[in-house]
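Structure, as structure tokens:
None of the figures in this text is laboratory data; all of them are computed from the coordinates on show. Please read all numbers here as calculations on a predicted model, not as lab measurements. When we count neighbours, we look across all protein chains shown, and the Cβ atoms used for this are built from the backbone with ideal geometry, even at glycine.
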Amino acid sequence: MSPPELEAAIQRYEAAIASIQQTIQTIAIARAKIVQDRVFNHLVKTTTRDALNYQTSKLDLQQVTLQATQQVMSEKSLEAIAGKIINLAFNPDANDVEIPNFGSLQWHQEIDKAIDTAAQGFLQELSQELTDEQRLEVLTARDGVQWALSQETPVFTGKLLEKLHRGDRYLKSPQWQTLISLINLDEWREMFHPPQSAWWWYSQPKPSKPIPKRFSFWDWLDLPCDLLTWFFLTVSFSFVGDMAAKVFSGDSDNVLGIFALVSPTVLTFFSGKQALTQKGKENIQLWLESWKIHKKYVHEVSLVISVLLCGSIWIFYKLLVPNVAYYWGEHYQKAGEMKAAQQKYELAVNFQYTPAYPQLARVLVEQGKPEYEAAEKTIREGLQIARAKKDQPNLEATLVVLNQLARAYNLQKNTTDTLPLVAEGWNNSEEASDEVLYDLKTNWGWAFFNKQSYQNARNLLSDARKIANQSEKLKEKPDHHCLLAMTYRELNKDPAYFKLYGEEEKESWYNCQSFSNYYTPEQAEWILQAEQYLSDLDQIEKGAK
């Protein structure tokens, strides 16, 4: 028969453990009831609520909570505790199950919020209700059992032995080890000086096994989203770097250029910080929570940010900056401020904005001979860009400026630069208008006239006359008439062609005088030559009579 002291000690030991278990069970039941009420009574559609209520109508909530508490006290994650309670509430026979896939995304978000609320409440109430004295009572009760065992060799009954073994198993369980870790056990050991054989005073919580993460579809997307985020941010930074090279190349005005560079740079830096750094992702999580969106979408949101950033900088890079620069170039050009217009057009050209090429070339040509070389370079680049983009309107506009420069070269009798320039213009004139073709043929013939290659000049100027005769707009152009007249005059001086083109020369001088005016120096000179020729011809004809 067991001594009364041993029976009393074991009963005290059992009662101390039961007190702690009852406290935990009471708190867990209350927390689970809050979650259940919140989920079932407020957030589930009628049909879904009916289905869930059918599932839970047979539940013994106290038993479910007890199972949950026993299973999860080994885990220090309070969210896991509350989650386990919910899992068991849905499926009381399962040991490790997920919440069923009922309801909408909003419903699952509300469950998560309810779990968080339950976990926080569980921790708060547990810290208030479960005192250090309760845990110390368990330890001292076990000391009492050990003292009673040391007095004499006891005779155990089966029932008493089972109680002792059940109590010791509990002190070795993860639940108790978790609870005892919440107090400063070192201070109590210094007070009581337990021997090393009193193992219950020296038990340490075993490290809990990590909870295996269940990957959802969105979890599998995390890595691809991160890789794509890096890719789009890299593209954005390359746009910014390329923009810097274009802004600071040449003599373009850096006021607009620096603004064009600084704005996307700041935007790229800020977006990269938000998408890639831990602090940035925490900020995204807070933003998602403010919009009632689950934080698991942080990787997807980072990808969206990088895509939007890349698209914004592309628009800024390809459209906004060159368009704004072109707009201000036109503004200054109309105001007669050619240097300012040139700077703006140069910035637009750096971004390969096709309409800016003919405008920049025109501004350069209008500034005179010192800028002719730069104008020719711009024209050639403009032809290449417009042809590559199949941009016929701007190709046409560039050919117009090319003819303007070729005319300026011809007035200087600069055949070295005129002939290759006009030849390149002709190679790009397949779909050009009659006016452009007329000017090309005229400038080409004029260049050969300056080079004293009169037969080539006559052939090309005759082609220009054919084009003019087919167009009402070009019929009264004096250029080809006057240049043909001068060409015939030179040909008629050659004995091989003596008086061969007499009638053609006479007709050309008549047309030159009829269609020319004094608005330009060259036409004024042509009128004087025509008048002199016609006067000499009149004298010859009168003498002949």
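Overview of values
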| read-out | value |
| --- | --- |
| Spin-label pair K159/W199, simplified geometry with 7 Å Cα→Cβ offset, distance in nm | 2.8 |
| Calculated FRET value between K390 and K473, using beta carbons and R₀ = 30 Å, to 0.05 | 0.70 |
| Relative contact order for the stretch 354-460, counting Cα pairs under 8 Å that sit 6 or more residues apart, in percent | 22 |
| Segment Q455-H331, extension gain: residue separation times 0.36 nm, minus the distance between their alpha carbons | 40.1 nm |
| From phi via Karplus (6.51, -1.76, 1.60), per-residue ³J(HN,Hα) for the stretch 395-410 in Hz, x at Gly/Pro | 5, 4, 5, 5, 5, 4, 5, 4, 5, 4, 5, 4, 4, 4, 4, 5 |
| Residue-by-residue Karplus 3J(HN,Hα) for the stretch 340-351, coefficients 6.51, -1.76, 1.60, Hz, glycine and proline x | 5, 5, 4, 5, 5, 5, 5, 5, 5, 5, 4, 9 |
| 22 Å Cα-Cα threshold exceeded, pairs from K369/K475; K389/K475; K477/K506; K451/K493; K390/K475 | K369/K475; K389/K475; K390/K475 |
| Percentage relative contact order, the stretch 391-545, counting C-alpha pairs under 8 Å, at least six apart | 15 |
| Simple label model, 7 Å out from Cα along Cβ direction - S19 to E490, nm | 12.4 |
| The stretch 402-545 - convex hull of the alpha-carbon atoms, volume per residue in Å³ | 113 |
| Net length gained if the chain between Q352 and E503 were fully extended (0.36 nm per residue, minus Cα distance) | 49.2 nm |
| Point-to-point label distance, Y510-E531, nm (Cα→Cβ direction, 7 Å offset) | 2.0 |
